[in-house]
1. Sort out which residues of the range A:57-93 are of a type outside the set (A, V, I, L, M), more than 19 Å from A:T104 (Cα to Cα) and modelled with pLDDT of 95 or more, and write them in order of number.
2. How many residues does the range B:58-81 contain that are in contact with a Leu (Cβ under 8 Å, 6 or more places away or on another chain) and facing chain A (nearest Cβ under 9 Å)?
3. Can you name the residue in the range B:68-94 that is part of a strand (DSSP E or B) and at pLDDT 90 or above and, of all such residues, is surrounded by the fewest Cβ atoms within 10 Å (Cβ to Cβ)?
4. Could you figure out which of (1) under 21 Å from B:Q182 (Cα atoms); (2) part of a strand (DSSP E or B); (3) of a type in the set (A, V, I, L, M) isn't true of B:I24?
5. Return the residues of the range B:173-196 that are farther than 15 Å from B:L82 by Cα and hydroxyl-bearing (S, T, Y); say none if nothing qualifies.
6. Do we find a residue being within 14 Å of chain B (Cβ to nearest Cβ) and among the hydrophobic types (A, V, I, L, M, F, W, C) anywhere in the range A:107-117?
7. Condition test on B:G216, is it surrounded by fewer than 18 Cβ atoms within 10 Å (Cβ to Cβ), closer than 20 Å to B:P9 by Cα and among the small types (G, A, S)?
8. Which residue pairs have Cβ atoms closer than 7 Å, lie 6 or more positions apart in sequence or on different chains, and pair a first residue in the range A:135-153 that is within 8 Å of chain B (Cβ to nearest Cβ) with a second residue that is of a type in the set (A, V, I, L, M) and outside any helix (DSSP H, G or I)?
Amino acid sequence: MSDQFSAWQLILNGDAALFEIVRLSLAVSLSAVALAALVGMPFGALLALSRFPGRSVLVVVLNALMGLPPVVVGLAVYLLLSRSGPLGAMGILFTPTAMIIAQTILIVPIIAALARQTIEDLWTEYRDELTAMDIGPAGRMTTLLWDARFSLLTALLAGFGRAAAEVGAVMIVGGNIDGFTRTMTTAVALETSKGNLPLAMGLGLVLVAIVLAINAAAWGTRAWSERQVG
Amino acid sequence: MRAPSSDLPLVLDGVTLQAGTTTILDQLSLTIMPGAPTLIVGPNGSGKSTLLRLCMGLAAPSAGRVTRGGRTDSKPVRRAILFQRPVMLRRTAAANVAYALAQSGTPRSQRAARVSALLERVGLADLALRPARRLSGGEQQRLALARALARDPEILLLDEPTANLDPAATRSVEQIVLMAAQSGIKIVMASHDLGQVRRLAGDVMFMVRGALCEHGAAANFFDHPTTPEAAAFLRGDLVI
């Protein structure tokens with residue numbers, strides 16, 4: 001990559017290396033969002049509907065974990081997956097799989113905490129009606145998750161925003177290997193420190209554009225489906 | 001589906017319900033028998049809604065005993081309640097009814113036909129695919145009735161279902177309620193609209209400040225109230 005290319009030229013020319021970086025970033029972050037939703041949504045709903053001693057402590061801890069530093073998650077996953085770590089035998093350190101694991105851990109608390117709040121608010125509205133219909137705990141959870149689906153989209157977006165923007169965790173467990181585990185954020189960090197500002201800026205612009213596009217699409221979907229369902 | 005044993009008669013025996021230091025229901029003893037609609041009448045704050053919630057099993061007495069068909073622990077499989085402001089699920093009208101059918105154990109193969117029949121019964125067949133939350137207040141109340149009837153109830157409890165409705169919507173709700181009563185469903189309904197009580201009631205329970213003041217056939221209640229409170233209420237005086 002040489003200096004005479006401007007950021008725009010790289011994008012407009014469809015630079016192959018740049019597109020591979022974009023593709024990997026999206027694949028990792030979207031996979032992490034999907035996995036985190038599978039874990040975080042039911043967990044948030046369960047926490048919203050349960051009453052047990054120490055629940056408030058758990059809610060506070062969960063909310064606090066939304067601010068988990070990516071480098072700390074990266075370090076923890078690194079220790080787990082490194083050759084001498086408990087899961088070292090799997091040999092997945094410095095692979096996209098490791099990056100997905102780290103980002104999933106990073107955003108599960110975000111999705112779970114936001115889902116908990118959303119479901120709890122909806123539950124106060126639905127409580128009498130669902131109790132009168134004799135809906136059991138599992139039915140309550142699925143009903144509330146489904147009926148809160150548009151609000152829960154915001155939780156997914158928050159999770160995606162966090163995953164797409166973080167650099168610490170993917171840098172540590174992915175290693176920023178060219179053509180293999182290099183994402184937009186790690187590439188921006190690397191190219192900036194190398195002084196290759198055009199590529200760094202190009203990647204930065206693409207990153208911002210993608211986050212904007214995904215949020216706009218989600219907003220549009222939500223507005224449209226709310227018109228359909230009320 | 002196994003036919004569950006009957007919830008009637010519904011008997012309250014010395015039931016008191018307190019919230020904090022406030023007594024909402026005060027040593028209430030009454031019996032609800034099968035037959036014509038029972039209307040619960042009384043000023044706001046007299047405990048009508050709480051009494052209905054207690055009959056449904058949504059509230060538990062602080063003291064005293066509630067028995068349904070002689071049992072204290074009957075599951076709410078054959079009871080349904082209509083709240084003053086029913087909550088519409090964020091789905092279509094038809095899906096709201098289908099939800100109640102699924103919950104009450106209607107086999108999947110029969111649901112579509114039952115949904116159509118129930119929406120027809122409450123006059124919402126044309127609005128089946130409309131999002132429930134975008135229906136008008138009267139339509140929502142009728143949809144909530146369809147949802148309650150989907151549970152094939154033996155007792156239908158209604159908490160001032162027409163309090164926020166205009167006369168036309170009130171009439172269609174009352175017609176559905178009367179049809180339900182004629183099909184053998186026991187109606188227990190709270191109301192403070194005396195005209196409505198005249199139109200619907202078989203017997204009347206008059207409540208003041210959480211206590212049962214008078215209970216008798218509707219005609220007797222209107223023509224020969226035995227307590228000064230009931231007489232004052234019927235005259236249109238303010239009973240507090």
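1. none
2. Summing the residues that are in contact with a Leu (Cβ under 8 Å, 6 or more places away or on another chain) and facing chain A (nearest Cβ under 9 Å) in the range B:58-81 gives 3.
3. Filtering the range B:68-94 for residues part of a strand (DSSP E or B) gives B:68, B:71, B:79-82, B:92.
Now restrict to residues that are at pLDDT 90 or above: B:79-82, B:92.
Working: B:R79: 25, B:A80: 28, B:I81: 27, B:L82: 22, B:T92: 20.
The selected residue is B:T92.
4. Unmet condition: (1).
5. Hit for the range B:173-196 is B:S183, nothing else.
6. Just the residues of the range A:107-117 that are within 14 Å of chain B (Cβ to nearest Cβ), to begin with: none.
No, every residue in the range A:107-117 fails to be within 14 Å of chain B (Cβ to nearest Cβ) and among the hydrophobic types (A, V, I, L, M, F, W, C).
7. Working: surrounded by fewer than 18 Cβ atoms within 10 Å (Cβ to Cβ): yes; closer than 20 Å to B:P9 by Cα: yes; among the small types (G, A, S): yes.
Against the criterion (surrounded by fewer than 18 Cβ atoms within 10 Å (Cβ to Cβ), closer than 20 Å to B:P9 by Cα and among the small types (G, A, S)), B:G216 qualifies.
8. A:T143/A:I135; A:D147/B:L89
The values are calculated or read from the model by the stated rules, or taken from the named source; none is laboratory data. Treat the numbers as computed from the prediction; the structure is a model and nothing was measured. Every residue, glycine among them, receives a Cβ derived from its backbone with ideal geometry; neighbour counts consider all protein chains shown.
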